[in-house]
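Asker: This is the structure, below, for whatever I ask next.
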Amino acid sequence: MSKTSRTPASARKTAALKAVVLPADACPVCGTAMRETTATLKLPVNGEEVGVPKAAHLKCPNCGEVVLRRDHARSLREAALALYRTKHDLLSGDEIRSIRERHNLTQNQMAALLRLGANTLSRWEAGRNVQTAAMDVLMRLIRDVPGTLDYLRHQAA
């Protein structure tokens, strides 16, 4: 009796799966070589699907599976956030930073006044996340309406 016939079928199957090594550009679903392409891809931003045209990605010509490399994913996210900001006319990260600095506030102080988590304002200023429309209005009030900051300080006390 051969050694193979004594090994349970599930063990042989597991061994066979471990032995398969796919090339780096292989589709994780079917193993076909993937191709770099561009197309409109959608990404959720603040609960809204944002379509990013001409987004670079890998696509399997056999099964249609889409894979993003790290640089593709970063570019897709940055483009989706920028499109969302433009569509909803939201302040940019630089504008948010300018408002905070004009009032001589640290990120932690401004975050406390807006009742945000400690890192949220940092991510907005860096462009890694985008504020809601309501927070955008509140920051515009701080920028444009005298006394708003004093009111928020009084409420936070």
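Asker: Taking 0.36 nm per residue of separation and subtracting the Cα-Cα distance, what length does fully extending Arg35 through Ala112 add?
Answerer: Roughly 23.0 nm would be gained on extension.
Asker: Related question: Across the chain, how many lysine pairs, 8 or more positions apart or on different chains, have C-alpha atoms separated by under 23 Å? Please give the number.
Answerer: Lysine pairs, 8 or more places apart or on different chains, close enough: 6.
Asker: Highest GNM mean-square fluctuation, the chain, Cα pairs closer than 10 Å: which of Ala118, Ala80, Ala134?
Answerer: Result: Ala134 has the largest fluctuation of those listed.
Asker: If I model a spin label at Asn119 and Arg153 as a point 7 Å from the Cα along the Cα→Cβ vector, what separation in nanometres do I get?
Answerer: 3.0
Asker: Which of Val29, Val66, Val50 moves the most in a Gaussian network model of the chain with Cα springs under 10 Å?
Answerer: Checking each option, the largest mean-square fluctuation is seen for Val29.
Asker: Oh, and also: Which residues' amide hydrogens lie under 5 Å from the amide hydrogen of Val50, considering only partners 5 or more residues apart or on another chain, with H built in the peptide plane?
Answerer: Leu43, Val45
Asker: Could I have the simple spin-label model distance between Val145 and His88, label points 7 Å from Cα toward Cβ, reported in nm to one decimal?
Answerer: Each label point is offset 7 Å from its Cα along the Cβ direction, giving 1.9 nm.
Asker: Using only Cα atoms and rounding to the nearest 10 degrees, what angle (0 to 90) does helix 93-102 make with the longest principal axis of the chain?
Answerer: 30
Asker: Ok, one more. What is the fewest-to-most order of Tyr151, Tyr84 by other Cβ atoms lying within 10 Å of their Cβ?
Answerer: Tyr151, Tyr84
Asker: Let me ask something else. Just to confirm the number: angle between the C-alpha axis of helix 9-19 and the first principal axis of the chain, 0 to 90 degrees, nearest 10?
Answerer: 60
Asker: Okay, next question. Can you compute the modelled spin-label distance between Glu49 and Ala73, with each label point 7 Å from Cα toward Cβ, in nm?
Answerer: 2.1
Asker: May I ask which residue of Leu114, Thr148, Ile99 lies farthest towards the positive end of the charge dipole of the stretch 93-156, with charges of +1 (Lys, Arg) and -1 (Asp, Glu) on Cβ and the Cα centre as origin?
Answerer: Leu114
Every number here is computed from the coordinates shown, using simple stated rules; none is lab data. Note that the structure is a prediction, hence the values are computed from the model and not measured. FYI the Cβ positions are ideal-geometry reconstructions off the backbone, even for glycines, and counts take in every protein chain you see.
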